[in-house]
Amino acid sequence: MVETSGPVSVLVVDDEEPIRNALKKFLAQQQFDVYTAASGEEALQQLHRHKVALMLCDIRMPGTSGVDLVPQALEIEPDLAILMLTAINDATSAALCMQRGAMDYLTKPIELADLGRAVQRALRRREMQLENRQLNQWLKEEVTTRTVELQRERHKLERISVATLEALINALEAKDPYLRGHSARVADLSATIAGQIGLSDEEVEQVRVAGRLHDIGKIGTREAVMEKQGPLTPEEYEHIKQHVIIGSQILSPLAHLGPIIGAVRHHHERWDGSGYPDGLRGEEIPVGARIIGAAEVYDALSSSRPYQEKLTPEQAIERMSQLSGTVLDPKVFDALSSVVARRGTLVYLDEGGAGPE
Ligand SMILES: [Fe+2]
């Protein structure tokens, strides 16, 4: 049987009562539930009332013709299988019905054996259409689910790749007491500056990750140069400058990092174009790179370094104000000053409003 639950319902639509009754009798013998309608209008009412699998439909009827009934019936019941009953000389109307969505047609007078076969054929086709649609629906849901899973998986891998690089940086910084925590501090300060100048949440996060990774290229710097206490020779300085290129090369296979890679490569560019590695100037320099560059200078000035006194936040900002517009993007410097001033207030609040020491 075609349908799994209960008998299949068939609707017979014909204006001639003897034909209606003959068809009804035959189909009832075939174990179908049979409804009848004497006109197109009545057929539409029946379709609203009952769940019908197949409609047998005369073409020539007063009022709504079979040709016009087909699309209206399918609108009510899109899965309806429709068989047209046509006069021998009306192949054109039958073809039109097929175009509009009928499945097949039979020519009157109808052989009951032919009708039985045509009904079964139409119901099998309908069942296949239903199965196909279910399969399509299932496939669509499956694809959606798998896509979400893959995205989740990808994000996880992306996070792991960044976490691995952070671990490398921690290992690198751990060797040098002056560098310890540098990237984490630069990352936090950079993200706060990025928020201060109004970047989006996503961009702020990118700036934070870029801050964490900005010195990854120092993995390629010779230890003797890294650990040198004192001024660098020109050759050593050229060597250390390579860290931005090496850094962006290390990150370049991680396509998901996107603008983060540019921020790493350009964090030593200068606003006036005198920086490295590409001598970019002004807004040619990615905004993330400008922010990290400023945060890095601030961190260098305000933390202990060999041969350099540690400056207070105010002194560091004062010193950096001389670099605004030459080394530093003035807008980024202004944001940095506000952030540092606000942090100062926060510290005092934390200390129970004791005020500056
Ligand atoms: Fe750097």
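Coordinate-derived values only; no laboratory data. Remember, it's a predicted structure, so these values are computed and weren't measured experimentally. Because the Cβ atoms are built from the backbone with ideal geometry, glycine has one as well, and the counts that use them run over all protein chains shown.
Structure summary
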| item | result |
| --- | --- |
| Spatially proximal lysines relative to LYS241 (Cα-Cα < 25 Å; intrachain offsets below 8 disregarded) | LYS175, LYS218, LYS228, LYS310 |
| Within straight-line cross-link reach of LYS140, aspartates and glutamates at Cα separation under 16 Å, skipping those fewer than 8 residues along the same chain | GLU131, GLU149 |
| Cα-Cα pairs of the chain separated by more than 39 Å (percent) | 50 |
| ³J(HN,Hα), Karplus 6.51/-1.76/1.60, whole Hz, each residue of segment 256-270, x for Gly, Pro | 5, 6, x, x, 4, 5, x, 5, 5, 4, 9, 6, 10, 5, 10 |
| Hits among lysines - C-alpha to C-alpha of LYS24 under 27 Å, sequence gap 8 or more where chains match | LYS51, LYS108 |
| Proximal charge balance of VAL67 [Cβ under 12 Å; K/R count +1, D/E count -1] | -1 |
| For segment 222-342, diffusion coefficient by Stokes-Einstein and Kirkwood Rh (Cα), 10 °C, 1.306 mPa s, µm²/s | 103 |
| Antiparallel %, DSSP beta bridges [both residues in the chain], to 5 | 5 |
| Segment 209-257: trypsin sites (Lys or Arg not before Pro) in DSSP loop, at most 16 other beta carbons within 10 Å | ARG222, LYS228 |
| Kirkwood Rh (inverse of mean 1/r, distinct Cα pairs), segment 269-330, angstrom | 12.0 |
| Net lengthening on full extension, THR164/THR147 (0.36 nm per residue, minus Cα-Cα) | 3.6 nm |
| Cleavage-rule hits (GluC sites (Glu not before Pro)) in segment 226-313: DSSP loop, at most 16 neighbouring Cβ within 10 angstrom | GLU227, GLU309 |
| Sparse-neighbour loop sites [GluC sites (Glu not before Pro); segment 82-131; at most 15 other C-beta within 10 Å; DSSP] | GLU111 |
| Cβ-derived FRET efficiency at R0 25 Å, ILE88 paired with LYS25, nearest 0.05 | 0.60 |
| Positive dipole terminus of the chain, leading residue within VAL8, ALA191, THR326 (C-beta point charges) | VAL8 |
